[in-house]
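Report on one structure; see the data block that follows.
The values are calculated or read from the model by the stated rules, or taken from the named source; none is laboratory data. Note that the structure is predicted; figures quoted are calculated from it, not measured. Here Cβ is always computed from backbone atoms with ideal geometry, including for glycine, and neighbour counts include all displayed protein chains.
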Amino acid sequence: MMRRAGALALGLLTGACTLGPDYQRPELPMPSDYTQSVETGASLANLKWWEIFEDPQLRVLIATALEENQNLAIAVARVQEARAQLGVVRADQFPTVDGLGEGTRGNTNEAFTPDAGTETQLTIGAQLAWELDIWGKLRRATESARAQLLSTEEAQRAVTISLIADVASNYLLLLDLDARRRVSERTLESRLDSLDIIQARYDKGTVPLIDVNQADIEVADAAVALAKTERDSVRAENALSILLGSNPGAVARGDRLKEQGFTPELPAGVPAELLERRPDIREAEQALAAQTARIGVAEANRLPSLNVLGQIGFVDDNIDDLFDDDLWSIGGNFTGPIFDAGRTKQQVEVEKARTQQLVSQYTLTVQRALAEVEDSLAGIRTFRDELSSRERQVTSARSAATLSRARYDGGVTSYLEVLDSERSLFDAELAESIARRESLTSIVQLYKALGGGWEPPPPTSP
């Protein structure tokens, strides 16, 4: 019976076809180079994350996040779900064979059936059901599920590279806050010393009360800046702890902000590389491929479906003779829409419209990726210029503050000039730290925008 069913199915499948369009990547106009790029060579994204981040502690934090982050664990579980779903859908292409068995024992009322006694009936066998994929519906469904699995895997990679960038950015923010806290502590200590000196001079009658008041204002200003920096540091540590997959708490630091180093060569490569490297673009493309295959499923649903049905079994009233005689049957049926008020036809149009949406989504994803790279390249160039200017500003402000203090001590100028110079120095030192952090973060953002660094690090020897 099974051989006959297989022969029948093979004959029907010989003329089978596959409905719906085959997926093709949309043709998009890609620029030959980035407008903001000035360096040539292999893309920065070719480097692994453990090669670009030089701070050993930052490498430890990233490795920890890749092991413990909960968002990444969710993405991994979604990949496992999609892989299992592919197995479910793919199984529909093959026959289903179910075993069956039954045993009954009973009697019939002798008033209705004279001489009836106790009867026993035993049944054992198997039944087969198989939908023949003559229109390619099941193959298209499997194709869609496979593309959906690939899309989910790319989504996991997108989560991974975002996680690496977020850990690095938050770590740099934490180092920046540490630097600004040290500036605030040093400034507060200096201003408290100045307040003591001016208070003593006021007590001797050599300076007016307004100098004391102005010095006290500056002390309070530094104390407020210190309190704000400490508050922001706690928040940054807690945010980084969550990325590391742990409860909020202190985070170990490595090199200071000024000691942080990244590779000096920052070539972006060519824009066409983004189509193959950026996981979000690949995710969008595979989602489009999955949706394209669903058009074929919808078109096949407009046509009849053919099913092969078979059964084989043994029935007897004695278990010793159960397998002496067999019963079998084989057949088939088909079902197809005759009148459904255009429901299946409109479902095809629904799938086509959804596909067009994902074509636009894919195009938009590519355009956003190009914009992110351009923004990052511009950020690297401009933040470097800003940092250079901030460093010059700190040098000049420090010199001005020293000269103003000397002029005030010599009685040449008022304390207002000293306050203005020291305030400018304080602001310049804080701004320099922020500019340094933004300059380093722009490199991280370029690395993320180019789609690099999601691969796990190689194993190390004990």
Q. With respect to Gly41, is the statement that it is surrounded by 11 or more Cβ atoms within 10 Å (Cβ to Cβ), modelled with pLDDT of 75 or more, among the small types (Gly, Ala, Ser) and assigned to a loop (DSSP other than H, G, I, E, B) true?
A. no
Q) Got a sec? Which helices (runs of 4 or more DSSP H) wholly within the range 203-318 have at least 1 residues that are surrounded by fewer than 18 Cβ atoms within 10 Å (Cβ to Cβ)? A) 209-243, 274-277
Q | Total residues in the range 400-426, condition without any contact (Cβ under 8 Å) to a residue 12 or more places away in the chain and under 48 Å from the mean Cα position of the chain (by Cα) | A | 0
**Q.** Output for the range 359-388, where each listed residue is more than 23 Å from Pro31 (Cβ to Cβ), surrounded by 13 or more Cβ atoms within 10 Å (Cβ to Cβ) and of a type outside the set (Lys, Arg)
**A.** Phe383, Glu386, Leu387
Q | When residues of the range 57-100 are limited to those that are of a type in the set (Val, Ile, Thr) and in contact with a strand residue (DSSP E or B) (Cβ under 7 Å, 6 or more places away or on another chain), the one nearest to Pro248 (Cα to Cα) | A | Thr96
